[in-house]
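> Sharing a structure with you now.
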Amino acid sequence: MLDSDHAAFIQTGVSISLAACAVDRLPCMSRGLGCKLIDGGRQVAIFIKRSQSAELLDNIRNTGRVASVFNLPSSNRTVQLKGVDAHIQPFDPADLPVIASHVSLFLDEVIPFGMQENMIRAMFACTVDDLVTVVYSPSAAFTQTPGPKAGDPLGAAS
Amino acid sequence: MSLRLETIRECLEGIIPGHIATCDRAGMPNLAYLSQVEFIDNEHVALSYQFFNRTRQNILADSPVRLLLTSHLTGAQYRLTLHYLRTEAAGPLFEQMRAKLAGIASHTGMAGIFQLLGADIYRVLNIEQVPGETVAPPPPPVNCLNALRRTVDRLATCNTLECLLEKAVDCLEKEFGIAHLMLLMHDEARGRLYTLASRGYPESGIGSEIPVGAGVIGICARERTPIRIGFTNSEYAYGRTVRDGIAADGQADALETAIPLPGLPDAASQMAVPISVAGRLLGVLYVESVSDLHFGYDEEDALVAFAAQLGLAIVHHQPADDQPDEPAGSEEAAPAVAGTPLTIRHFAATDSVFIDDDYLIKGVAGAILWVLLSDFAERRRTSFTNKGLRVDPRIRLPGVSDNLEARLVLLQRRLEERDAGIRLTKTGRGRFSLAVDRPLQLLES
């Protein structure tokens, strides 16, 4: 589903968020602390904090449907991925360097915009036992870079 | 609702962009970034509608809405549950958001792409703080509430309009720490605002004009609502851009152009606040800064409250009990003066007045000056009353809402700046005197 360019893009210093809806359609979302590709790029794994995401995790368990956006502040480039087979996995401490790397890349992105490093680090502060991994196969992908083409399927947009 | 929206308004400024989540009828979630969230009150916000995208489709299909907002001061995150009510495509809220979006678009390289189609209004059903580490917010540069209190105290000591205007700009500068500001009055008959006081510019610009509807100041006046922009943008520039636009529209003859409007050429933050009393626009307060996002919701609140107080005080100082006009010739004639005559030229079509070929003023203030100087030249008259001016058929004041007192302050200040030897001095409530240091030669054109 993801070409190499988009696969690389979502693993840079992007802002990541993940959403899922309850059966009554009420959506909920959380910030992602990083992501990685697995299964040869066929699946995306996003790391979130359990303490921030009880409702989101319930929604994922109930529906399996997720949407996630990846936005690079310096360029406004934004991609949305959706999946219908999301499931929750325990966090593997071996992925901690992925989060550390993501925080570092994200800081490089937002500090030029005047963001305070201690504030950003607080947003990403976490403990291993509070982390959880959400895995899904992207079944739809859209460009969401602001503009009239926002919402077009990836590949259809210029 | 445990949290009051007014206490987390910094999250709405978009410094860290918010997220909006919706759901289609099949239960598929959708996530998007928000350009703008506008605080309306503790139960309502407005979101900018710029494109007919999936979010919009879902909202129109009755999707519940969730926002995730983040404070750039503390890192705290909040989830808001919203219910869509309606979309406004005109009016004060729409214009507030359109102006703010123009700044955001310019700042993010989206000028020409972000165009506000509507202000989507939502009821806020719930606000929850997302658990997580936060940092202490930095202290604000100014305690706006305390600055407002001190300002109101100082305004209460004034007993003339002139003192009031002087104190008003002085307080904005000293109590609020605002380095660049203007106070403009509304000329209702002409649909113009004229600068009556300013601070922080090389030239005061007193007497300069801007049409209602032009730039940040003019839109604030037209919509009677505060307009606040956090980033440099050309769409809402006032100065030369506005003037060029007016000239292109063929209205230049109606606009004061000889006195340049003051203003920062590279302003990033701009805020204009209307001064209104009982539904009538008296003027506009305008402040600006070269820093991005210099004025926030707290500054806007404080200046709105300040403008309300100032407006009531201005009305209070418009003399209702004008002194009766004195019979002509009753006062002591002014002594004769010697020296090179001052040439005063009056152009009746626009009531423009020139002193020794230098432009001074036009419009109502120009007509007033010409009457004063004519009476002085004919019978050495130096004492005048507001009431006399109001009934003088030569001046043609535009009715009861003439702001005569403000026009006299404008004229007095222009004469002071010109320093040509003609002075107006207030001598009592509704009464003033004219002093002329040199012989006059009056020419009517």
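Read-outs throughout are calculated quantities, based only on the coordinates presented, and are distinct from any laboratory measurement. Keep in mind it's a predicted model, so treat the numbers as computed, not measured. Cβ placement follows ideal geometry from the backbone for every residue including glycine, while neighbour counts extend to all protein chains displayed.
> What is the set of long-range amide H partners of B:Gln36 at a cut-off below 5 Å, with H atoms built 1.01 Å from backbone N?
Residues meeting the criterion, in which the H sits 1.01 Å from N, are B:Ser48.
> Right, next: I'd like the FRET efficiency for B:Glu416 and B:Thr340, computed as 1/(1 + (r/R0)^6) with the beta carbon distance as r and R0 of 22 Å, rounded to 0.05.
For B:Glu416 and B:Thr340, the calculated efficiency is 0.60.
> Output ³J(HN,Hα) for the range B:170-186: one whole-Hz value per residue in order, computed from phi by the Karplus curve 6.51 cos²θ - 1.76 cosθ + 1.60 with θ = phi - 60°, and x for Gly and Pro.
5, 5, 4, 6, 8, 7, 9, x, 8, 8, 10, 7, 9, 10, 10, 9, 8
> Continuing with this model, one more query. Can you give me the P(r) profile for the protein assembly as shown? Cα pairs, bins 20 angstrom wide beginning at 0, each as a whole percent.
It works out to 19, 41, 24, 13, 3, 0, in whole percents.
> Taking H placed 1.01 Å from N in the peptide plane, check which residues at least 5 places from A:Ala140 or on another chain put their amide H under 5 Å from its amide H.
A:Lys82
> Take B:Cys171, B:Cys220 and order them by how many other Cβ atoms sit within 10 Å, fewest up front.
So the residues, fewest neighbours to most, are B:Cys171, B:Cys220.
> Going by how many other beta carbons lie within 10 Å of each one, how would you line up B:His83, A:His6, fewest first? All intermediate terms of the calculation are to be shown ahead of the outcome.
On the way: B:His83 11, A:His6 20.
So the residues, fewest neighbours to most, are B:His83, A:His6.
> Now for a different question. Could you list the GluC sites (Glu not before Pro) in the range B:31-130 that lie in coil according to DSSP, counting only those with at most 15 other Cβ atoms within 10 Å of their Cβ?
B:Glu43
> For the pair B:Arg423 and B:Asn42, how long in nm is the line joining their label points, each one 7 Å along Cα→Cβ?
Between B:Arg423 and B:Asn42, the simple spin-label model gives 5.5 nm.
> Any chance you could list the semi-axes, whole Å, largest first, of the equivalent ellipsoid that the Cα gyration tensor gives for chain B, using √(5λ)? Don't skip to the answer; put the middle values down first.
On the way: eigenvalues 506, 93, 65 Å².
Rounded to whole Å, the semi-axes are 50, 22, 18.
> Over chain A, calculate the relative contact order: mean separation of alpha carbon pairs under 8 Å at least 6 apart, over the residue count, as a percent. Could the numbers behind the result be given before it?
On the way: 315 pairs, mean separation 43.9, N = 158.
So the answer I get is 28 percent.
> Also, quick follow-up: For chain B, which cysteines have no disulfide-compatible partner, meaning no other cysteine Cβ under 4.7 Å?
If one checks each Cβ against the other cysteines of chain B, B:Cys11, B:Cys144, B:Cys171, B:Cys220 turn up with nothing under 4.7 Å.
> Between B:Val315 and A:Ala125, what's the calculated FRET efficiency when r is the beta-carbon distance and R0 is 60 Å? Round to 0.05.
0.65
> Just the isolated ones, please: cysteines in chain A lacking another cysteine beta carbon under 4.7 angstrom.
So, A:Cys28, A:Cys35, A:Cys126.
> Going by how many other beta carbons lie within 10 Å of each one, how would you line up A:Ile46, B:Ile210, fewest first?
Least to most surrounded, the residues fall as A:Ile46, B:Ile210.
> Then there is this: Could you give me the radius of gyration and the Dmax of the range A:64-130, taking only the C-alpha atoms into account and expressing both in angstrom?
Looking at the range A:64-130, its Cα Rg and Dmax stand at 14.3, 38 Å.
> Quick one: Debye curve from the C-alpha atoms of the range A:1-74, no solvent, what's log10 I(q)/I(0) at q = 0.16 Å⁻¹?
One equal scatterer on each Cα of the range A:1-74 leads to -0.59.
> For chain A, what ratio Rg/Rh do Cα atoms give with a Kirkwood hydrodynamic radius? Provide the component values of the computation, followed by the final result.
Working: Rg = 15.0 Å, Rh = 15.9 Å.
My calculation of the ratio gives 0.95.
> Compute the label zone of B:Asp62 within the range A:19-62: residues whose backbone N is under 16 Å from the point 7 Å along Cα-to-Cβ.
What the label zone holds, given the 16 Å backbone N cut-off, is A:23-27.
> For the range B:157-172 and the range A:19-95, what is the separation of their C-alpha centers, rounded to whole Å?
Taking the Cα centre of each part, the range B:157-172 and the range A:19-95 sit 58 Å apart.
> Using square roots of five times the C-alpha gyration tensor eigenvalues, list the equivalent-ellipsoid semi-axes of the range B:260-300 in whole Å, biggest first.
Each semi-axis is √(5λ); the values are 23, 15, 4 Å.
> Continuing with this model, one more query. Nearest 20 debye, what's the magnitude of the dipole of chain B about its Cα centre given +1 on Lys and Arg Cβ and -1 on Asp and Glu Cβ?
Dipole of chain B, to the nearest 20 debye: 500 debye.
> Considering every pair of different Cα atoms, what Kirkwood radius, in Å, is found for the range B:42-106?
It is 13.8 Å.
> Taking chain B as the reference, fit the longest principal axis to its C-alpha atoms, fit the long axis of helix B:239-248 to the helix C-alpha atoms, and give the angle between the two in degrees, 0 to 90, nearest 10.
80
> May I pose another question? Quick one: Kirkwood hydrodynamic radius for the range B:344-439, alpha-carbon pairs, angstrom, one decimal?
13.4
> Non-local amide H neighbours of B:Arg380 (under 5 Å, H modeled in plane, Pro and chain starts lacking H): which ones?
Long-range HN contacts for B:Arg380: none found.
> Can you give the FRET efficiency to the nearest 0.05 for A:Leu105 and A:Arg42, using r as the Cβ-Cβ distance and R₀ = 22 Å?
0.40
> Further question on the same structure: Which log10 I(q)/I(0) values does the range B:86-213 give at q = 0.16 Å⁻¹ under the Debye formula, counting every alpha carbon as one identical point scatterer?
-1.17
> Working from the alpha-carbon coordinates of the range B:115-164, get Rg over Rh, Rh being the Kirkwood radius.
Expressed as Rg/Rh, it is 1.25.
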